[in-house]
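Here is the structure we will look at, set down as structure tokens.
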Amino acid sequence: MSETVKRTREELQKLYLGVLADEGYAPELDADGDVRFKHEGKSYFIEVREDDPFFFRVVLPNFWEIESEEEHVRAIRAANAVTGDIPVAKVFGLRGDTWCAVEMFLPAQESFEPVFNRCLLVIQQAVNHFTVLMRESFPR
């Protein structure tokens, strides 16, 4: 069994920044030290966590603003449906907005590269599904 390499926060940042730059993105570090990048006009980030060498998370924050208590209830229902329907996607409310993340365990930190584009597709699929459910239940 091979030994897992545990990188420092700075080493992980360099790994993610380098791979994203090679893929044609213009990644940068945000105030939290996570790696932010744009994809199809939306701002995403890769959470940089050195505490678990197997965990990988890509996040699309703030894709649907919650404007009322009634909408909050509908958003919770839609988020639960999406999270149950789409593997590895999690849709959740945070500070009056709705976020989507893809979370998974990988055999090594650098193993994210072959699945990265699939992660973005899954996020897009989850956001689209959430949007349809929200509009069906009460159009904006």
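Every number in this text was worked out from the coordinates using simple rules, so none of it is lab data. Small disclaimer: the values here were computed from a predicted structure and weren't measured. FYI the Cβ positions are ideal-geometry reconstructions off the backbone, even for glycines, and counts take in every protein chain you see.
Per the Debye formula on identical point scatterers at the alpha carbon atoms of the chain, with no solvent, log10 I(q)/I(0) at q = 0.15, 0.17, 0.19 Å⁻¹ is -0.76, -0.93, -1.09. For the chain, the longest principal axis of the Cα atoms and the long axis of helix 69-85 meet at an angle of about 50 degrees.
Run the helix sum for the chain: -39,500 (n - 2.57) per DSSP H stretch of 4+ residues, divided by residue count, reported at 222 nm to the nearest 500 deg cm²/dmol.
My calculation for the chain gives -13000 deg cm²/dmol from helical runs alone.
Of the residues 27, 98, 16, the one whose Cα sits farthest towards the positive end of the charge dipole of the chain is 98 (charges of +1 on Lys and Arg Cβ, -1 on Asp and Glu Cβ, taken about the Cα centre). Relative to the longest principal axis of the Cα atoms of the chain, the long axis of helix 9-22 makes an angle of roughly 80 degrees. Simple point charges give the picture: +1 on the Cβ of Lys and Arg, -1 on the Cβ of Asp and Glu, and for the range 9-137 a dipole about the Cα centre of about 340 debye. Across every pair of non-identical alpha carbons in the range 1-75, the mean reciprocal distance, once inverted, gives a Kirkwood radius of 14.3 Å. If you plug the beta carbon distance of residue 43 and residue 103 into 1/(1 + (r/R0)^6) with R0 = 22 Å, you get a FRET efficiency near 0.75.
Applying a DSSP loop filter and a limit of 12 other Cβ atoms within 10 Å to the GluC sites (Glu not before Pro) in the range 18-126 leaves 40, 67.
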